[in-house]
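Reading through the structure tokens given below for one structure.
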Amino acid sequence: MSSGRWNPSGLAAVAISLVILSSAPFARTELSPVERAAQEDEIRASALRYQMLRWSTQGDRAELEARNESERRLAKELNYRIYFISINGKDPGNDFVKRFQDLPREIRKVSQCKRKRRFLGWVVDKKTKQNGIVFSADSIRWLTPYQVEVDGGYHCGKLCRGGEVFSMQLQDGKWVVTETLTSSIP
């Protein structure tokens, strides 16, 4: 029964419940070192996959839409069949590389490439001498437990390179690139 009087203990209980419920998604902001490393692997893999799929899709389209022999040659030259992965300038582990087996390109570690010493300094595979491209995913800035920024980019020669910042969000348990910003060219 309500006596029409104000009940401070009831109001306090409602206020506490609202605070707890509203902060529940952010209650666990600290990850263990193992959890954080696993999340950062997922984040970098997602950023790399985004870059590689974008490059291969655009490259395949450019080859198909080339209007003359000169455009076809250039499109084919830049539509690399070998992708090299760099994490903070180093090789990723074998298990990390295996994540990309489903992509329509050969995926290798960055140590498996070198730069030609000629004028344009193209990236080439050490074994096959085929031209390739290096994709990188480097430092991660945690904005919230569900939002990060990743520094990354690509390079395939002295005049073929770009740096980007990938804004990413955790959506349905997967890290997704939501925006890219061009950064300084590495």
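The values are calculated or read from the model by the stated rules, or taken from the named source; none is laboratory data. Only a predicted model underlies this, so the values are computations on that prediction, with no experimental measurement involved. When we count neighbours, we look across all protein chains shown, and the Cβ atoms used for this are built from the backbone with ideal geometry, even at glycine.
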Self-check item: Given (1) surrounded by 15 or more Cβ atoms within 10 Å (Cβ to Cβ); (2) out of contact with any Gly (no Cβ under 9 Å at 6 or more places or on another chain); (3) assigned to a loop (DSSP other than H, G, I, E, B), index of the condition Tyr80 fails
Solution: (2)
Quiz prompt | Qualifying residue in the stretch 120-129 (condition: within 26 Å of Asp60 (Cα to Cα), of a type in the set (D, E, K, R) and under 12 Å from the mean Cα position of the chain (by Cα)) | solution = no
Exercise. Look at Val134 and say whether it is crowded, with 17+ Cβ neighbours inside 10 Å, more than 21 Å from Ala47 (Cβ to Cβ) and out of contact with any Asp or Glu (no Cβ under 8 Å at 6 or more places or on another chain).
Key: no
Practice problem: Run Leu64 past the list (1) surrounded by 13 or more Cβ atoms within 10 Å (Cβ to Cβ); (2) in a helix (DSSP H, G or I); (3) of a type in the set (A, V, I, L, M, F, W, C) and report the number of the one that doesn't hold. | Solution: (1)
Quiz item: If you go through the stretch 96-127, how many residues are in contact with a helix residue (DSSP H, G or I) (Cβ under 9 Å, 6 or more places away or on another chain) and outside any strand (DSSP E or B)?
Solution: 8
Exercise. Could you grab me the full set of residues in the stretch 10-56 that are at pLDDT 95 or above and either assigned to a loop (DSSP other than H, G, I, E, B) or among the polar types (S, T, N, Q) (or both)?
Key: Gln39, Ser46, Gln51, Ser56
Quiz prompt | Subset of the stretch 165-186 (residues that are modelled with pLDDT under 95, in a strand (DSSP E or B) and surrounded by 11 or more Cβ atoms within 10 Å (Cβ to Cβ)) | solution = Ser183
Quiz item: For the subset of the stretch 133-146 comprising residues that are out of contact with any helix residue (DSSP H, G or I) (no Cβ under 9 Å at 6 or more places or on another chain) and not hydrophobic (A, V, I, L, M, F, W, C), which member is farthest from Val97 (Cα to Cα)?
Solution: Arg141
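Looking at Leu181, is it without any contact (Cβ under 8 Å) to a residue 60 or more places away in the chain and either hydroxyl-bearing (Ser, Thr, Tyr) or more than 19 Å from Asn79 (Cβ to Cβ) (or both)? Reasoning before the result, please.
Details: without any contact (Cβ under 8 Å) to a residue 60 or more places away in the chain: yes; either hydroxyl-bearing (Ser, Thr, Tyr) or more than 19 Å from Asn79 (Cβ to Cβ) (or both): yes.
So Leu181 passes the test.
State the number of residues belonging to the stretch 138-164 that are exposed (fewer than 15 other Cβ atoms within 10 Å of the Cβ) and of a type in the set (Phe, Trp, Tyr). Even if it seems obvious, please write down each step before you answer.
Initial filter on the stretch 138-164 (exposed (fewer than 15 other Cβ atoms within 10 Å of the Cβ)): 139, 141, 143-144, 146-147, 158-159.
Filter again for of a type in the set (Phe, Trp, Tyr), leaving 146.
Summing the residues that are exposed (fewer than 15 other Cβ atoms within 10 Å of the Cβ) and of a type in the set (Phe, Trp, Tyr) in the stretch 138-164 gives 1.
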Exercise. Report, ordered by the first and then the second residue, all pairs with beta carbons closer than 6 Å, sequence separation of six or more or different chains, a first member in the stretch 77-91 that is under 15 Å from Tyr50 (Cα atoms), and a second member that is among the small types (Gly, Ala, Ser) and in a loop (DSSP other than H, G, I, E, B).
Key: Phe84/Gly132
